[in-house]
Structures are given as structure tokens and as C-alpha cells.
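Please treat every number below as a calculation from the coordinates, not as lab data. Keep in mind that this is a model prediction, so the values were computed, not measured. Cβ atoms come from the backbone with ideal geometry, glycine included; neighbour counts cover every protein chain shown.
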Amino acid sequence: MTLYSDSEYPVRQEIDALHAVQLDQLADPGAWGTGRQRLAVAGECRRACYDAGILEEPEDAGPPSEIELPDAVRGMIRKLAVTPKDYLEESYREATAGGLSDEEYVEIVGIVSRLTDMDIFARGIGVPLRPLPAARDGLPTRVRPKTARKELAWVPTVPNHPEGGEDAAGMFGESYKPYIIRSLSLVPDEFRRHFELEETHYLSVRNVTTEDHRDYDGFTRAQVELVAGRVSALNECFY
Amino acid sequence: MPGGREILAYSDAVIGPDRSVLDRARLDLAGAVGPKAVPAAAAIAGNFTKNDRIANGIGIPSELPMLRNSRDIRAELGINEFRSAANTRKHYPDEF
């Protein structure tokens with residue numbers, strides 16, 4: 001029995017396995033949030049999408065959240081989950097003025113973005129959203145890369161190698177990487193999980209500039225880019 | 001492009017609010033391109049909903065070479081009018 005064994009359509013094994021792992025990991029303590037806090041973020045993200053009508057609530061959504069999030073955190077989660085096109089620097093300023101550190105903020109952006117990715121996939125193939133797990137005990141690791149610094153994003157990021165030193169080499173190698181790859185690097189666990197989804201859903205970074213590279217049997221690179229461009233245009237993502 | 005119309009309709013529906021429209025679009029996509037196209041398109045749509053939220057949520061600017069190679073198409077498609085363009089415009093105002 002695999003995560004998407006109820007799908008009418010053939011789901012690649014690596015996507016099935018990765019989603020099973022990443023959904024389950026939400027229950028663990030992260031770098032800055034406990035398992036209960038991370039699942040509260042995930043639950044708020046889903047509730048916002050149910051309220052907006054862009055996801056359907058499943059019969060089995062998993063255990064209810066055990067904690068209530070502060071209003072500033074709930075507000076940023078709801079806006080980022082539902083209307084990313086309206087998410088502006090003021091939204092970030094409000095969240096951090098409400099008490100979030102940059103590190104906590106990046107972890108929340110990562111959770112909301114990854115969960116939305118997996119939920120859109122489930123909805124896209126026509127299966128109910130998978131249940132969220134029950135929280136597991138433990139403390140956050142509070143790992144912050146020493147080389148992270150303010151570049152051009154709102155939050156600190158790990159610069160490309162060589163400025164990013166061992167942090168950069170360990171996370172994204174020694175070649176130049178664009179901001180979309182390095183965006184969550186203030187929280188290395190979130191960077192890694194974002195990157196895993198990127199490589200499994202889209203294509204390996206080393207093949208991005210190979211025009212005719214094909215990762216999907218039955219779906220050409222041009223067809224892939226048509227979906228990517230359309231979705232990003234609807235979300236009004238300038239990047 | 002083979003299945004272009006069905007791919008666009010599916011892309012609109014998968015992030016849209018009408019489940020019945022999505023259910024129809026999914027069947028149309030499978031019929032036009034094949035059943036393997038459905039999980040492929042769902043995975044790409046999911047991936048870019050992730051990336052759009054990360055880009056707009058972290059406030060990253062576009063890279064300069066990309067900006068310089070996209071001046072005409074950005075203007076033609078109205079991409080410069082997206083609210084998230086502010087994250088790039090503030091660093092590279094001369095590229096707009």
C-alpha cells in the first residue's frame with residue numbers, strides 16, 4: 001500500500017515515496033518549530049484553502065491541531081496559502097513585527113509552500129488530501145548557517161560559493177545557484193526539502209537549460225513548461 | 001502543441017475553485033495527451049505553486065541576466081504589472 005495507491009492515474013514511485021516522507025516529517029520538530037507548531041501551521045494552511053474553496057476538506061484530515069497560533073502568524077499563513085500574488089513586503093513586515101524571527105518565518109514559508117505543492121498534486125490527480133500525522137515530541141534543532149547574511153531577499157540567505165563557504169558547498173554545491181534555489185537556505189532543512197521536491201516534480205537543476213530534456217514519459221518538456229508558465233502567471237509570480 | 005488547449009484548461013482548473021471543472025479538465029487532459037499526463041501535469045502545477053509562494057514569500061528578485069533577456073516579453077505579457085515585480089524593481093529599476 002503506497003500513499004497514492006487509490007489514484008486512477010499512474011504516480012511515479014519517487015513522487016509517492018517523497019510525499020509520504022515529507023508529510024510525515026511535518027510531525028517532527030524542525031529547526032525552529034516543534035512538531036505541534038509545525039502541524040498547526042500545516043492545519044491553518046489547509047483551513048485557509050478550504051475556506052477559499054481551492055482545496056476540498058477530506059473525511060480524514062488527521063488529528064486536530066493541539067495549539068492555537070498567534071494572529072500575525074495565522075494571517076501570513078492564510079495570505080501566502082491562498083493569494084500569493086498579494087503577498088508583499090508589508091506582509092513579511094507584519095509577520096515579523098508580530099513576533100516571528102526571520103528563521104521561524106522561513107520555516108513557515110517552507111511548510112506552507114511544500115504542503116500546498118503536495119495538496120495541489122493530490123487534488124490534481126483526483127484523490128482526497130492525505131491526512132496529516134500526529135505530532136511527535138522533541139525540541140527544534142535551532143540550526144542557523146553561519147554564513148547566512150542579508151543579500152537581496154527580505155530575509156538572510158546563504159550566498160553562492162565561495163562567499164557561502166562550507167554552508168553553500170554543502171547545500172547547493174560550488175556552482176552559481178539562482179535565488180529560487182537558495183531562498184530557504186536560512187533554514188537548511190527547509191532548503192533540502194524544497195530542493196527534493198524540485199528535483200522530483202520538475203527536473204534536476206543540471207538539466208534545466210537543456211531544452212529537450214524530458215523527465216516525464218508521456219509529457220514533453222514543452223508541455224511541462226506550459227503548465228509551469230500558466231500556473232505562475234495565475235499566481236502573478238514575477239520571478 | 002499536442003494537447004495545448006487541454007493542458008491550459010487543466011492548469012487553470014487545478015488551482016481554481018471549481019472542483020467539477022477540474023474533474024472535467026482532468027478527463028480531457030487524459031483523453032488528449034494520455035493518462036500519464038495527469039500526474040505529470042499535477043506534479044508540475046504543484047511544484048510551481050510551491051515556487052511561486054517561496055519567491056513571493058521570501059521577496060527574492062529575479063537574476064539580472066534573466067531580466068535583461070526578458071525585457072520585451074515581460075512588457076508584452078504585462079508581467080511587469082504583477083505586484084511581486086516590486087521585489088525586483090527596487091533592486092534593478094533600470095531594467096523595467
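Data overview
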quantity	calculated
Extension gain from A:Ala17 to A:Thr96, taking 0.36 nm per residue of separation minus the Cα-Cα distance	25.0 nm
Cβ-based exposure ranking for A:Lys177, A:Lys150, B:Lys50, in which fewest neighbours within 10 Å come first	A:Lys150, A:Lys177, B:Lys50
Compactness index (Cα Rg / 2.2 N^0.38 Å), the protein assembly as shown	0.94
Test item: A:219-225 mean partner chain Cβ contacts at 10 Å	6
Mean Kyte hydropathy of 0.0 or more with a Cα span along the axis of at least 24 Å, helices from DSSP in chain B	B:37-58
Sequence-separation-based contact order of region B:1-58, relative, with Cα cut under 8 Å and 6+ spacing, percent	31 percent
Residues A:Thr200, A:Thr141 arranged by fewest to most Cβ contacts within 10 Å	A:Thr141, A:Thr200
Lys/Arg +1, Asp/Glu -1 at C-beta; the protein assembly as shown dipole; positive extreme among A:Trp32, A:Trp154, A:Phe172	A:Trp154
Loop-resident sites, region A:80-143, for chymotrypsin sites (Phe, Trp or Tyr not before Pro), counting at most 16 other Cβ within 10 Å (DSSP)	none
Gain in span if fully extended, A:Glu89 to A:Glu57, counting 0.36 nm per residue against the direct Cα distance	8.5 nm
Calculated SAXS-style log₁₀ I(q)/I(0) at q = 0.12, 0.17, 0.18 Å⁻¹ - region A:84-158, Debye, Cα scatterers	-0.51, -0.91, -0.97
Helix-only mean residue ellipticity at 222 nm for chain A, each DSSP H run of n ≥ 4 adding -39500 (n - 2.57), per residue, nearest 500	-14500 deg cm²/dmol
Value of [θ]222 nm, deg cm²/dmol, for chain B, DSSP H segments ≥ 4, -39500 (n - 2.57) each, nearest 500	-20000 deg cm²/dmol
A:Tyr50 versus A:Ala134: modelled label distance in nm, points set 7 Å from Cα along the beta carbon direction	2.0 nm
Footprinting exposure proxy for A:Ser91, B:Ser11, B:Ser70, A:Ser185 (fewest neighbouring C-beta atoms within 10 Å first)	B:Ser70, A:Ser91, B:Ser11, A:Ser185
Magnitude of the charge dipole, region A:1-119, Cβ model with Lys/Arg +1 and Asp/Glu -1, debye to 20	220 debye
Restraint check, A:Lys85/A:Lys177; A:Lys79/A:Lys177; A:Lys150/A:Lys177; A:Lys79/A:Lys146; A:Lys85/B:Lys50, Cα-Cα greater than 21 Å	A:Lys85/A:Lys177; A:Lys79/A:Lys177; A:Lys79/A:Lys146
Per residue convex hull volume, Cα atoms of region A:11-141, in Å³	109 Å³
Kirkwood hydrodynamic radius of region A:143-207, from inverse mean 1/r over distinct Cα pairs, in Å	11.8 Å
Cβ-Cβ FRET estimate between A:Ser175 and A:Arg142, R0 fixed at 41 Å, reported to 0.05	0.90
Gaussian network model of chain B, Cα within-10 Å springs - most flexible of B:Asn69, B:Asn80, B:Asn56	B:Asn69
For residues of B:7-19, the mean tally of beta carbons on other chains within 10 Å	5
